Amino acid sequence: MEFRIIETQEVKELTYYSDYGVDCAQELIGNMGDLHYNWDNEEYEMEWSFYEWWLEYFTGMVDAKAAVKDYAVKKGICTSLLWGRIHKDMYVEMEDEPGYIMMILERIMEEIEDGTFDTEWS
């Protein structure tokens, strides 16, 4: 989605695709109240600090999802098994999700390597 930075008047774009290929950036950002429609200019606007926050979040989530998928492929494990374990205790602030996913993935990797990975967590 495209929008204008209020402070600098720069036009920026953010995208974040769901697992189903849908760009849900506008919905996520709008639901948090960080995106506003300027009726005079007929365009969306956002403050620079919100843009930076969302860029970091989206980048972190894309990287985390790729790491989970890559590891699943490498080990021949179903990604839903890994995601089920990751989401089991995912009660963290939104901004902490990418780091949390990576932390749990590292724990899973260690458990798989030492043979203690429990598939009966659900």
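May I ask you to list the residues in segment 36-64 that are in contact with a strand residue (DSSP E or B) (Cβ under 7 Å, 6 or more places away or on another chain) and closer than 26 Å to Ile101 by Cα? Break it down into steps so the answer makes sense when it comes.
Here is the first cut: in segment 36-64, the ones in contact with a strand residue (DSSP E or B) (Cβ under 7 Å, 6 or more places away or on another chain) are 36-38, 43-46, 48, 51.
Scanning segment 36-64 gives a single hit, Tyr51.
For Asp23, all conditions in the list (1) in contact with a Phe, Trp or Tyr (Cβ under 8 Å, 6 or more places away or on another chain); (2) of a type in the set (Asp, Glu); (3) more than 29 Å from Val68 (Cα to Cα) hold save one; what is the number of the exception?
For Asp23, the failing item is (3).
Is it the case that Glu106 is touching an Asp or Glu at 6+ places or on another chain (Cβ under 8 Å) and farther than 30 Å from Glu2 by Cα? Spell out how you get there, then give the answer.
Numbers: touching an Asp or Glu at 6+ places or on another chain (Cβ under 8 Å): no; farther than 30 Å from Glu2 by Cα: yes.
The answer is no for Glu106.
Go through (1) touching a helix residue (DSSP H, G or I) at 6+ places or on another chain (Cβ under 7 Å); (2) within 21 Å of Glu95 (Cβ to Cβ); (3) not charged (D, E, K, R) and name the single condition Thr8 misses.
Unmet condition: (2).
Looking at segment 1-20 only, could you name the residues that are part of a loop (DSSP other than H, G, I, E, B) and under 25 Å from Ala64 (Cβ atoms)? Please lay out each step first, then the result.
Of segment 1-20, the ones part of a loop (DSSP other than H, G, I, E, B) are 1, 6-10, 14-16, 18-20.
If the condition is that a residue be part of a loop (DSSP other than H, G, I, E, B) and under 25 Å from Ala64 (Cβ atoms), then Met1, Leu14, Thr15, Tyr16, Ser18, Asp19, Tyr20 are the ones that fit.
Name the single residue, out of those in segment 73-91 being of a type in the set (A, V, I, L, M) and within 16 Å of Gly115 (Cα to Cα), that is modelled with the highest pLDDT. Full working, then the answer.
Of all residues in segment 73-91, those of a type in the set (A, V, I, L, M) come to 73, 77, 81-82, 86, 90.
Okay, now just the ones that are also within 16 Å of Gly115 (Cα to Cα), so 77, 81-82.
Working: Ile77: 88, Leu81: 90, Leu82: 93.
Ranking the candidates gives Leu82 first.
Just checking, does segment 79-95 include any residue being of a type in the set (S, T, N, Q) and assigned to a helix (DSSP H, G or I)? Break it down into steps so the answer makes sense when it comes.
In the first step, residues of segment 79-95 are kept if they are of a type in the set (S, T, N, Q); the result is 79-80.
Going one step further and asking which of them are assigned to a helix (DSSP H, G or I), we end up with 79-80.
Yes, segment 79-95 has at least one match.
The values are calculated or read from the model by the stated rules, or taken from the named source; none is laboratory data. This one's a predicted model, so the numbers in the text were calculated from it and none came from an experiment. Counting neighbours? That spans all protein chains shown, and the Cβs are built from the backbone with ideal geometry, glycine included.
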